[in-house]
Amino acid sequence: MKAKLITFLFFFFSLSSLFAQQLNIIPVPVSYTVNPGSFTIDKNTIILVNGEKFDNAAYRLQEYILRIYAMDLKVIDFETSKQVRLSNTVAKIRLAYDEAANTTEGAYNLTVEKDGITITAQNANGIFYGTQTLLQLLPPQKNVEYKLPFVQITDYPRFTYRGMHLDVGRHFFPVSFIKTYIDYLAFHKFNTFHWHLTEDQGWRIEIKKYPRLTEIGSCRAQTLVGNYGSNKYDGEKYCGFYTQEEIKEVVKYATERYINVVPEIEVPGHSVAALASYPYLGCTKGPYKTYETWGVTDDVYCAGNDSTFVFLEGVLDEVVELFPSSIIHIGGDECPKERWKHCSKCQQRMKDNNLKDELELQSYFIQRIGSYLKTKGKSIIGWDEILEGGIAANATIMSWRGEEGGIAAAKQKHNVIMTPGGWCYFDHSQSRNEDSITFGGYTPLEKTYSYEPIPKELNSDEAKYILGAQGNLWTEYITNPSKIEYQVFPRMSALSEVVWSPKDKRDWKSFEARIPTLFKRYQLWGAHYSNAYYDLKSSVVPVKNKGIGWMLETKNASGKILLKKNLVLLSPADIKGPISVRETSTLSATLIDENQKPISSKISQKFYINKASGKKVKLLTETAKNYSGLGGFTLVDGVQNTRGMARSFEFLGFKGNNLEAIIDMGKMQIIKSISLHSFEQQASWIYLPKEVQFYSSADGKKFKLIKAITQPAKADNNIVYKTTAAANTKYIKVIAQNVGIIPDGQPGAGNPAWLFVDEVEIK
């Protein structure tokens, strides 16, 4: 990729010239050859079908071309074509069986040549995937000549499970959009739609045996407004559910596009909507109300009550009739054990079954549900928490809390779907400049594309248990279809290449070259999407011998940057590489066009510069992978997080672990105060440190305690542990003690607490 220096940063030219023979197909095929010449599709082109099992693919192709390009192509079977003696001049798209074709699920061959287009396969889904590739050979705009290059394509998927998830429990979306979402999946060759149908905030599937689930559980009295923890509500009743006829309609629609619909019925946690409908299902018997906020609640299904299992079996009896899927997702995540600890029936269940703790009680719960579904010819899939206390024999693990759960399950010879939050959670922000509310986290397009579903920790035999990967979209802060599209595009496209294409065919530069066409195709569909790839991006970086620098970059080669430092316009000549930040200040920048008009939103960053800023930091304890920030530099980058989880990438997160870090001040000097900024959100299991200790040292080996602090002070959106004790020192050690296991009666009781810290200030 060529780069051109514009003012103080590198802009990137289009890569298309470097990939002249590259097809704009996502996911990239296994192999292809582009030949000279082109074939034109027009309104007189016909679709020839060899065999009834390929009819479906033909009609889906016909539908798309009519809907997008307003051409109504005729579908004719081979036998009919022989009878009517079609002219050799008629353009043809042939869908045909090939007994010599690759037998891999979804494999196909596609050829475009002078006498037409031919797609061959052994299986109907292969023909269908071939048509989706064909559609990407068409121009991404209407009312042009629809020329396709002469090509030969051989293709098949890398993984058997290629999934996308949608949460309709927090917010409900109509059947019409669910179908559109499925269309998006089909175009990208995903084969699984994970439909999250039940939650604390809403029960979304009609169960005729239990009508109160939709009469009561499908509604909540009001909904949280703004970020989690705001305690502000809209005061408006919110309802929605799918009838069984609508469920059947969606399943049929998906099946016609070779997508398996996997329903999720959450147990034992995330069940308050069901408890509100039938209070006897809970340990306390209520009263309950459908949850109005986000997060995790202690109220869960009672594991000691046989009526709970009678109820769930009744629910599942109807679910398995609606969904032909061989797997049923039963959740299993984020289940607090607080109610079980104080429930006599749950404790008796543990005693009767020789269960040593509540983790084993959860395992009992999951295994009992799994055993029942087995009698129905179904197996279960659950989030990685179902590993705790012992895993059901036929269970598949969906690894979301990083990759550790998936690795452990594969080593135990259980099938695994990888969906770690840091790469595959599309409710995270795509831009550091995100101006809408998101759940938190920062997962840019590049990171999603970089994901490798098979962890390096697995050997070749263990790797066989990794069936594929999935993108997840939770909808706490997503209220409409446009926001769904904005959150998934273009990351869904990137993930499709991760799960379909051979590992050695994936190349970020190649993908970048296809992005302009991809965005045009979104526009052709009328889909909303994130333009973050082209955004003006900022990052805080260490600068050798200069402390802290503010780096700006963009992939938009036509723009220029207007930079202001403390609201004073700086000329390009003043800027060389990263902007050195040496004093407390606010910097802002805007990407502008040749007419000085903004083409991106303004970004700004406030820096709080102190003696620690930009100094060397050694982390002595390991952060959680999802909250590693910029490593030790996060503690001294001059940035104080005042937006909480909305900018969680600015924190260092420790799950159950302490923070222990050493800051090298460079020389002996007098310091007057030290502060550590921390964060608290107990509903998300994030707790303040129980104690913060500051130490001094002249040699970095022998440390002397300066002060231990247990009582913090509040500052902006941060909580600060500060000492004003003076010291003459070169090294500062900071230890923040995690509270450890969350105590009874608190959110997340029994689980390791999270510790979030972001900045050390030394003055």
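The values are calculated or read from the model by the stated rules, or taken from the named source; none is laboratory data. In this text, all values refer to a predicted model and were calculated from it rather than measured experimentally. Ideal geometry is used to build each Cβ from the backbone, glycine not excepted, and the neighbour counts take in all protein chains shown.
Tabulated data
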read-out: Test: Tyr477 is closer than 25 Å to Thr180 by Cβ, touching an Asp or Glu at 6+ places or on another chain (Cβ under 9 Å) and either assigned to a helix (DSSP H, G or I) or in the same structural domain as Ala186 (by TED's automatic domain parsing) (or both); value: yes
read-out: Given (1) modelled with pLDDT of 95 or more; (2) over 25 Å from Lys597 (Cα atoms); (3) assigned to a loop (DSSP other than H, G, I, E, B), number of the condition Asn545 does not satisfy; value: (1)
read-out: Odd one out for Ser482 among (1) farther than 30 Å from Ala395 by Cα; (2) hydroxyl-bearing (Ser, Thr, Tyr); (3) part of a loop (DSSP other than H, G, I, E, B); value: (3)
read-out: Failed item, numbered, when Gly656 is tested on (1) surrounded by fewer than 16 Cβ atoms within 10 Å (Cβ to Cβ); (2) within 21 Å of the chain's Cα centre (by Cα); value: (2)
read-out: Test: Ile127 is within 30 Å of Val296 (Cβ to Cβ) and among the aliphatic types (A, V, I, L, M); value: no
read-out: Filter pass, Thr634 being crowded, with 19+ Cβ neighbours inside 10 Å, outside the structural domain of Thr438 (by TED's automatic domain parsing), of a type in the set (Ser, Thr, Tyr) and not in a loop (DSSP other than H, G, I, E, B); value: yes
read-out: Residues of the stretch 269-303 satisfying the condition of being part of a loop (DSSP other than H, G, I, E, B), more than 31 Å from the chain's Cα centre (by Cα) and surrounded by fewer than 19 Cβ atoms within 10 Å (Cβ to Cβ); value: Tyr278, Thr284, Lys285, Gly286, Pro287
read-out: Top-ranked residue of the stretch 639-662 - restricted to ones that are farther than 17 Å from Val541 by Cα and aliphatic (A, V, I, L, M), ranked as modelled with the lowest pLDDT; value: Ala646
read-out: Residue under evaluation Tyr425, criteria (1) touching a helix residue (DSSP H, G or I) at 6+ places or on another chain (Cβ under 8 Å); (2) surrounded by 23 or more Cβ atoms within 10 Å (Cβ to Cβ), criterion not met; value: (1)
read-out: Single residue of Ile386, Ile366, Ile397 found to be in a strand (DSSP E or B) and of a type in the set (A, V, I, L, M); value: Ile397
read-out: Close pairs from the stretch 276-291: first in the same structural domain as Arg212 (by TED's automatic domain parsing) and under 25 Å from Tyr228 (Cβ atoms), partner surrounded by fewer than 14 Cβ atoms within 10 Å (Cβ to Cβ) and acidic (Asp, Glu), Cβ under 9 Å, at least 6 apart; value: Ser277/Glu215
read-out: Residue in the stretch 546-557 that is outside the structural domain of Leu630 (by TED's automatic domain parsing), free of Cβ contacts under 8 Å to residues at least 24 places away in the same chain and either within 30 Å of Gly632 (Cβ to Cβ) or crowded, with 20+ Cβ neighbours inside 10 Å (or both) present; value: no
read-out: Which numbered condition Thr623 misses (of (1) in a loop (DSSP other than H, G, I, E, B); (2) within 26 Å of the chain's Cα centre (by Cα); (3) touching a residue at least 40 places away in the same chain (Cβ under 8 Å)); value: (3)
read-out: Of the criteria (1) closer than 24 Å to Asp183 by Cβ; (2) outside the structural domain of Glu292 (by TED's automatic domain parsing); (3) surrounded by fewer than 16 Cβ atoms within 10 Å (Cβ to Cβ), which one Ser482 fails; value: (2)
read-out: Which numbered condition Ile670 misses (of (1) modelled with pLDDT of 95 or more; (2) crowded, with 21+ Cβ neighbours inside 10 Å; (3) of a type in the set (Val, Ile, Thr)); value: (2)
read-out: Filter result for the condition that a residue is at pLDDT below 95, touching a strand residue (DSSP E or B) at 6+ places or on another chain (Cβ under 8 Å), within 30 Å of Ala513 (Cα to Cα) and outside the structural domain of Glu145 (by TED's automatic domain parsing), over Leu23, Leu18; value: Leu23
read-out: Of all residues in the stretch 727-763 being of a type in the set (Gly, Ala, Ser) and over 29 Å from the mean Cα position of the chain (by Cα), the one that is farthest from Gln693 (Cα to Cα); value: Gly745
read-out: The stretch 732-763, residues that are more than 30 Å from Lys606 (Cα to Cα) and in contact with a helix residue (DSSP H, G or I) (Cβ under 6 Å, 6 or more places away or on another chain); value: Pro747, Ala749
read-out: Residue list for the stretch 416-432, filter: out of contact with any Asp or Glu (no Cβ under 6 Å at 6 or more places or on another chain), part of a loop (DSSP other than H, G, I, E, B) and of a type outside the set (Lys, Arg); value: Thr419, Phe426, Asp427, His428, Gln430
read-out: The stretch 336-355 residues that are in the same structural domain as Gly304 (by TED's automatic domain parsing), paired with ones that are charged (D, E, K, R) and in a loop (DSSP other than H, G, I, E, B) (beta carbon under 6 Å, 6 or more apart); value: Pro336/Asp298; Glu338/Asp298; Arg339/Asp298
read-out: Failed item in (1) more than 25 Å from Leu224 (Cα to Cα); (2) not aliphatic (A, V, I, L, M); (3) not in a loop (DSSP other than H, G, I, E, B), with Trp195 passing the rest; value: (1)
read-out: Answer from Val315, Val261, Val320 - the residue that is assigned to a helix (DSSP H, G or I) and within 24 Å of His414 (Cα to Cα); value: Val320
read-out: Selection count, the stretch 87-122, where residues are in contact (Cβ under 8 Å) with a residue 60 or more places away in the chain, part of a loop (DSSP other than H, G, I, E, B) and surrounded by 19 or more Cβ atoms within 10 Å (Cβ to Cβ); value: 1
read-out: Boolean, Phe439 is in the same structural domain as Val320 (by TED's automatic domain parsing), part of a loop (DSSP other than H, G, I, E, B) and either modelled with pLDDT under 95 or in contact with a strand residue (DSSP E or B) (Cβ under 9 Å, 6 or more places away or on another chain) (or both); value: yes
read-out: Positions within the stretch 210-225 being out of contact with any Phe, Trp or Tyr (no Cβ under 9 Å at 6 or more places or on another chain) and touching a residue at least 60 places away in the same chain (Cβ under 8 Å), in sequence order; value: Glu215
read-out: Which listed residue, of Tyr442, Tyr522, is of a type in the set (Ser, Thr, Tyr), under 16 Å from Tyr184 (Cβ atoms) and touching a residue at least 24 places away in the same chain (Cβ under 8 Å); value: Tyr522
read-out: Residues that are among the charged types (D, E, K, R), part of a loop (DSSP other than H, G, I, E, B) and buried (at least 16 other Cβ atoms within 10 Å of the Cβ), drawn from the stretch 217-258; value: Glu256, Arg257
